[in-house]
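Would you mind keeping the following structure in view while I ask a few things?
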There are 2 protein chains.
Amino acid sequence: MPSFYSKRDLYFQLFENQNCLELTQIPYFSDHSKETFTLVLDAAEQIAEKSLFPIFKEMDRQEPQLVNGQIKVHQGLKSIIQKFGEDGWINAIFSYEEGGQQLPWTLHMAAGFIFQAANYSASVFPFLTTGAANLIRTFGSSELKEKFTPAMYAGKWQGTMALTEPDAGSSLSDLTTTAYPTSTAGIFKIKGQKIYISAGDHDACENIIHLMLARIDGAPSGTKGISLFVVPKIRLDGTPNDVLTQGIYHKMGYKGAPIAHLMIGSTEGCEGYLVGEPNQGLKYMFQMMNEARLGVGMNAVAIASAAFQASLAYAKERPQGRKISEKDLNRPQVPIIEHADVKRMLLFQKSVTEGALALLVFCGILSDKISQMAYAEEKLELEALLDLLTPIAKSYPSEMGVLSTSMAVQVLGGAGYTTDFPVEQYFRESRIHPIHEGTTGIHGLDLLGRKIWMHEGLGWKKLQAHIEQTIIQAKQEEELNQITEDFESVVKRFGHAASGLLFKRNLDPEKFMADASLFLEATGILCIGWMWLRQAVSAQKALSQGASDQGFYFGKIETATYYMEYELVKIQGLISRFHSTSFPTVKMQSDWF
Amino acid sequence: MPSFYSKRDLYFQLFENQNCLELTQIPYFSDHSKETFTLVLDAAEQIAEKSLFPIFKEMDRQEPQLVNGQIKVHQGLKSIIQKFGEDGWINAIFSYEEGGQQLPWTLHMAAGFIFQAANYSASVFPFLTTGAANLIRTFGSSELKEKFTPAMYAGKWQGTMALTEPDAGSSLSDLTTTAYPTSTAGIFKIKGQKIYISAGDHDACENIIHLMLARIDGAPSGTKGISLFVVPKIRLDGTPNDVLTQGIYHKMGYKGAPIAHLMIGSTEGCEGYLVGEPNQGLKYMFQMMNEARLGVGMNAVAIASAAFQASLAYAKERPQGRKISEKDLNRPQVPIIEHADVKRMLLFQKSVTEGALALLVFCGILSDKISQMAYAEEKLELEALLDLLTPIAKSYPSEMGVLSTSMAVQVLGGAGYTTDFPVEQYFRESRIHPIHEGTTGIHGLDLLGRKIWMHEGLGWKKLQAHIEQTIIQAKQEEELNQITEDFESVVKRFGHAASGLLFKRNLDPEKFMADASLFLEATGILCIGWMWLRQAVSAQKALSQGASDQGFYFGKIETATYYMEYELVKIQGLISRFHSTSFPTVKMQSDWF
């Protein structure tokens, strides 16, 4: 059994707590079955265990370096990326015609969870290529698709998402990279700078294909004037394309993946190929962004999950101290997992990681259903729900992943702070997630400023209906009465507070939006509570049906209880904040600090 | 002005919010004055700015290494430690007869705050020597004192605290290092292993003097059989003392300070010199531990404070995005400090670091008063209060320091995750504090299991009286009505919850102690609320008296408001937890995870 994830829990999430097999009813996925899904997960585990995990530490210690304008990465990556290509991972979710396997994205994410738990940095390369290729195949011409995607699917060429610039990070509307038309339609000369480009340059692939946002010369300002281009590092004729690697960022963690600073067209020699229509670039990007954001949520869960498993193993083995009630010092010390406070630290991690994994699987299944759905009204409802959940499913795992990996360090104590154990690395790696693919602050604005209002609150209403439905199911399980009651009362109180908050919108936009991050945090706590109630129902049902591994299900119910008792209660402080009419974060002046 | 701490705030804490000058009324400190205190702080700033801060990054990048059994540290340290010795920092708090300056410990801590904010790793060396020397001068024979302390005071010899062993970390009662009597009284042969020994070996000093806990052969088991020894690396006659550096720990942060694994007497050649009476070692150690723990609290505040200053400077300079109410994209971007959510992240850091600094200064003044006090009853009261506050003043800054430095990273976004800015290093360094000098879990047990009950709750009652007094003062300031009301209502609710919790003690010790860490967390939130109300009162008074730098005081009041609105409310979830009768952390079984 691999040490870096719980296979038992992943299967519970996919096949018991939620039923991903319902996707096989959809024609596009109909060749799939529990057997093919299991094969996929087994294959992922094999690569993770044999190729990714063994170089997890090494990739951190031997950071990528910029040598003569070329970034050099860990030597093991070349064969790993190739294998991802050869085994069909990069285009697995695409259609048979494209050489894909029509695998549900949910399963692709589940496999990703295994890869990321084993070695987050290594897992990033093929996933980026999938995302970039997906943009070309969805919005690009058949020519672009034919020329670029096959080598990307094969793992020979790396794909990237090139958005950020020195003066345009959170504020993408300010990007200035410019595309100048040439005499050939669709071909532009690009000029500008891109920073923080993940896998933006490296020597484990033969070429780097940037999916780059730029502004066609003379385009409108703001987000309405942004277009999307394919910008290869090396042109199809084999000549260099004037994309220079100006620098590499050295980072706190996630060191194995190179992050580049690129100069585009500094000697006027960069060609870019327009994807789709002009000025539609941000729209295209954002249609893929939902999945990228859920992907970041999954990355965060995977790292936290690996840290949880490592601290759990340590807590079971490390003897230290005696039970509170044990006074006899001649009795041997007990494993630290016997101490309530250590169990609390483990339950915290278990509740965060498994609760967030449940939410991401829920979102994955939603996304797969939407992708194959024609009927307008139901599709709109599911889309509204997924749109609403996306900032939550990105941010809760990201923010809590930092706290969860921190708790893993704490379980190990002094040992956890040393590089002899992997938890300090997980802690460092987890810190990127509240930042990339939109900071938590940006997602707060997205949720409270946009998502909750879309289609007259349709997503919010659907979420409430889902939660209500889970409460009804839970009420049928007598053993869950207490936690159901606790949860229901919080749902009501939060509902009132949220309504109250929404009514403030018209008063003062600055004040209304001031607590957007806290609103995001509160909805996250609520959604994970919902997921724990759901898991408790699934577990109670399994127990009623005489499941053999009772301990697993008892653990689920006890963790759900922990969540309601220790985590859900944190919403109380947030609720009282939403009722407040005092706004120190607005009133505070920059020169008062 | 140095970038790594706020001089303005430190002076506010020492001379306005609290009045450390009242210490000069005590005969021992009577030669001191605002002038000498200011000279001390200025001197500290000079060393910090000229010697410590310039190698802050370097010490992280060029980690100490174990080479042929000897740990090599950064080359700059030798002259720094010497300077600490020559300038009288190591024995500054000791008496004139000992060559000291009879400096209040509060000022020593305040100078430490400046050193630690500039370069935590470098600051550790002299402070450890002070602590070790203090044990010798307080409990050792005049012979030991004469032989060992002068070179320690001079910065030539390094002092350490050698407690932890492979099987005895949190559970010190299980330590097994053994001391065998020799034919010479007071001289023992020591045999055992010590791990995680800070500055346990290095080449910036000529000798290492370990203050080591060991069990005299045949001594009672548990803490009652532990004695304290002076164990030098090199004996006074210049021969080696069979203390071998078996290993060095590589760590996530705080890398500049070497942490050693020592083999003691592996070839039967280690001499140790008994300090004081046999079997009193842990008692001696713990009489120094209070100050060491407050010292850790200060370390944590200093690092968080440096991170706060770095993120504040960035937020004032970095343009990104526009105000919520600004729709015109052609207007220039604003510095991110203009965004309410960024101000929230800065206010969080300000409230944590300045609130915790206030508490530590309060504890420092208490400690100085106690140290020079003869009269039994008042001394007992102050001691009880300080004993109670110590786990809080160690743990709140330590736990919140991790979150505060994390927030500093978040303010910088992607830049914060890179090694181009110092915040990622602060984040890594801060993570040690909830672990060393007793983990947060251990301090929770200490507070709820011991401190709160001592002298029939005397410390707890004194704390309540102090808080009550601050509330009375605050009520006289009309402008503070709202936050005073908010705070007072929480004090009452927490008081009820705490009483309820205490009554549960006799029911089931496992359950009663299960939430000790949360109780510690809640009292921490409360005490910092008290400190913010106190700061608001001081600020309001200054404003009423027509202070010139109004912005500073407005900032204090707004931060107090922030604290009550955003941080104090977090106690609500904890209070509801204390009322609960469900104990999942006790019920959970290790094989259910």
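Nearest-to-axis residue of chain A, judged by Cβ, for the A-to-B rotation, with distance in whole Å?
Closest to the rotation axis on chain A: A:GLN572, 2.
Would you tell me the accessible area of B:ILE195, worked out with a 1.4 angstrom probe on the heavy atoms of the protein chains, in Å² to the nearest 10?
About 20 Å², ignoring ligands and nucleic acids.
Next question. Along Cα→Cβ at 7 Å, what distances in nm separate the A:GLN65 label point from those on the other copies, shortest first?
Values, ascending and in nm: 1.4.
Same structure, new question: Between B:GLU488 and B:LYS283, what length in nm is gained on full extension when 0.36 nm per residue of separation is reduced by their alpha carbon distance?
Extra length available between B:GLU488 and B:LYS283 comes to 70.0 nm.
In whole percent, how big is the carbon plus sulfur part of the accessible area of the protein assembly as shown, probe 1.4 Å, protein atoms only? Don't skip to the answer; put the middle values down first.
Working: 21460 of 41770 Å².
Carbon plus sulfur share of accessible area: 51 percent.
While we're looking at this one, here's another question. Once amide H atoms are placed 1.01 Å from N in the peptide plane, what residues at a sequence separation of 5 or more from B:ASN207, or on another chain, have their amide H within under 5 Å of its amide H?
When sequence neighbours closer than 5 places are left aside, the close amide H contacts are B:GLN158.
Kindly express, to the nearest 10 degrees and within the range 0 to 90, the angle between helix A:481-503's C-alpha long axis and the longest C-alpha principal axis of chain A.
Compared with the principal axis, the helix lies near 50 degrees.
When only C-alpha pairs under 8 Å and at least 6 residues apart count, what is the relative contact order of the range B:159-278, in percent?
Computed value for the range B:159-278: 31 percent relative contact order.
log10 I(q)/I(0), Debye, Cα-only the protein assembly as shown, no solvent, q = 0.05, 0.07, 0.09, 0.10 Å⁻¹?
-0.34, -0.68, -1.13, -1.38
Counting only protein heavy atoms, probe 1.4 Å: which residues of the range A:382-429 lose 50 Å² or more of accessible surface in the full assembly compared with their chain by itself?
With the partner chains in place, the range A:382-429 has these residues losing at least 50 Å²: A:GLN410, A:TYR417, A:PHE427.
If you don't mind, there's one more thing I want to ask. Mind listing the Cα extents of the range A:21-157 along all three principal axes, in Å, largest one first?
The Cα atoms of the range A:21-157 stretch 50, 36, 18 Å along the principal axes, largest first.
List the accessible area buried at the contact between A and B, summed over both sides and calculated with a 1.4 Å probe, in Å² to the nearest 100.
The summed interface area works out to 8100 Å².
Determine ³J(HN,Hα), in whole Hz, for all residues of the range B:348-365 in sequence, where each value follows from phi through the Karplus function 6.51 cos²θ - 1.76 cosθ + 1.60 and θ = phi - 60°; x replaces Gly and Pro.
Each residue's phi maps through the Karplus curve to give 4, 5, 4, 5, 5, 6, 6, x, 5, 4, 4, 5, 5, 5, 4, 5, x, 5 Hz.
Moving on to the next point. Consider just the alpha-carbon atoms of the range A:284-578 and return their Rg together with their Dmax, both in angstrom.
20.2, 72
How long is the range A:302-412 along each principal axis, judged by its Cα atoms, biggest number first, in Å?
That works out to 71, 20, 18 Å along the principal axes.
Need one word for the range B:84-124: rounded, prolate or oblate. Basis is the Cα gyration tensor (sqrt eigenvalues a ≥ b ≥ c); a/c below 1.5 gives rounded, then a/b vs b/c decides.
Values: a/c = 3.54, a/b = 1.80, b/c = 1.97.
Cα axes put the range B:84-124 in the oblate bin.
Provide an ascending nm list, one decimal, of label-point separations from B:GLU146 to the equivalent residue in each further copy; define each label point as 7 Å from Cα along Cα→Cβ.
From this label point to the equivalent ones elsewhere in the assembly: 9.8 nm.
How large is the Rg to Rh ratio of chain A when both quantities use alpha carbon positions and Rh follows Kirkwood?
Details: Rg = 24.4 Å, Rh = 25.1 Å.
With Rh from the inverse mean 1/r over Cα pairs, Rg/Rh is 0.97.
Right, another one. Using a Förster radius of 51 Å, what is the FRET efficiency between B:LYS461 and A:GLU456 based on their Cβ-Cβ separation? Nearest 0.05, please.
Taking R0 as 51 Å, the efficiency between B:LYS461 and A:GLU456 is 0.35.
If we hang a label 7 Å off Cα along the beta carbon direction at B:ASP31, how far is it from the matching labels on the other copies, in nm, shortest first?
Listed shortest first, these distances are 9.0 nm.
Rule-of-thumb check for the range A:158-278: C-alpha Rg over 2.2 N^0.38 Å? Walk me through the numbers on the way to the answer.
Numbers: Rg = 13.8 Å, N = 121, 2.2 N^0.38 = 13.6 Å.
Here the answer is 1.01, to two decimals.
Further question: Expressed as a rounded percentage, what relative contact order does chain B have, with Cα pairs under 8 Å and six or more residues apart?
Relative contact order for chain B comes out at 13 percent.
Loop only by DSSP, 11 or fewer other Cβ within 10 Å of the Cβ. Give me the trypsin sites (Lys or Arg not before Pro) in the range B:259-358 that pass, ordered by residue number.
Loop-located and lightly packed - B:LYS327.
Ignoring ligands, DNA and RNA, how do B:MET161, A:MET252 rank by accessible area with a 1.4 Å probe, largest first?
Highest to lowest solvent-accessible surface, that is B:MET161, A:MET252.
For the protein assembly as shown, what does the accessible surface come to per residue with a 1.4 Å probe? Please give it in Å².
That works out to 35 Å² per residue.
When you look at the Cβ of every residue in B:571-578, what mean number of other chain Cβ atoms sits within 10 Å?
Mean partner shielding for this stretch: 5.
Using θ = phi - 60° and the Karplus curve 6.51 cos²θ - 1.76 cosθ + 1.60, what whole-Hz ³J(HN,Hα) does each residue of the range B:135-143 get, with Gly and Pro shown as x?
Computed from phi, the couplings for the range B:135-143 are 5, 5, 5, 7, 10, x, 5, 5, 5 Hz.
On a 0 to 90° scale, report how tilted helix A:458-475 is relative to the longest principal axis of chain A, with both axes built from alpha carbons and the result rounded to the nearest 10.
Roughly 30 degrees between the two axes.
Still on this structure: Dipole magnitude of chain A about its Cα centre, charges +1 at Lys/Arg Cβ and -1 at Asp/Glu Cβ only, in debye to the nearest 20?
Its charge dipole is roughly 860 debye.
For the range B:384-406 and the range A:351-377, compute the distance between their C-alpha centroids and round to whole Å.
With the range B:384-406 and the range A:351-377 each reduced to a Cα centre, they are spaced 41 Å.
Percent relative contact order of the range B:431-580, based on C-alpha pairs within less than 8 angstrom and at least six residues apart?
Computed over the range B:431-580, the figure is 32 percent.
While we're here: What full-extension length gain, to one decimal in nm, is calculated for A:ARG8 and A:ARG505 as 0.36 nm per residue of separation minus the Cα-Cα distance?
Here the answer is 174.4 nm.
Among the lysines, select those whose C-alpha is under 16 Å from the C-alpha of B:LYS327, and discard any that sit fewer than 8 residues away in the same chain.
Candidates past the 8-residue exclusion: A:LYS224.
As I understand it, the value is the acute angle between the Cα axis of helix A:281-317 and the longest principal axis of the Cα atoms of chain A; what does it come to in degrees, rounded to 10?
Taking Cα atoms only, the helix is inclined about 40 degrees.
Check which residues have an amide H placed less than 5 Å from B:ILE93's amide H, if you skip close sequence neighbours.
Long-range HN contacts for B:ILE93: B:GLN101, B:LEU103.
Using alpha carbons only, how many angstrom separate the centre of the range B:182-247 from the centre of the range A:36-95?
49
The values are calculated or read from the model by the stated rules, or taken from the named source; none is laboratory data. Because the structure is predicted, anything quoted here is derived from the model rather than measured. Here Cβ is always computed from backbone atoms with ideal geometry, including for glycine, and neighbour counts include all displayed protein chains. When the accessible area is computed, the model is the full protein with side chains, heavy atoms only, and any ligands, DNA or RNA have been set aside. Shrake-Rupley method; radii C 1.70, N 1.55, O 1.52, S 1.80 Å.
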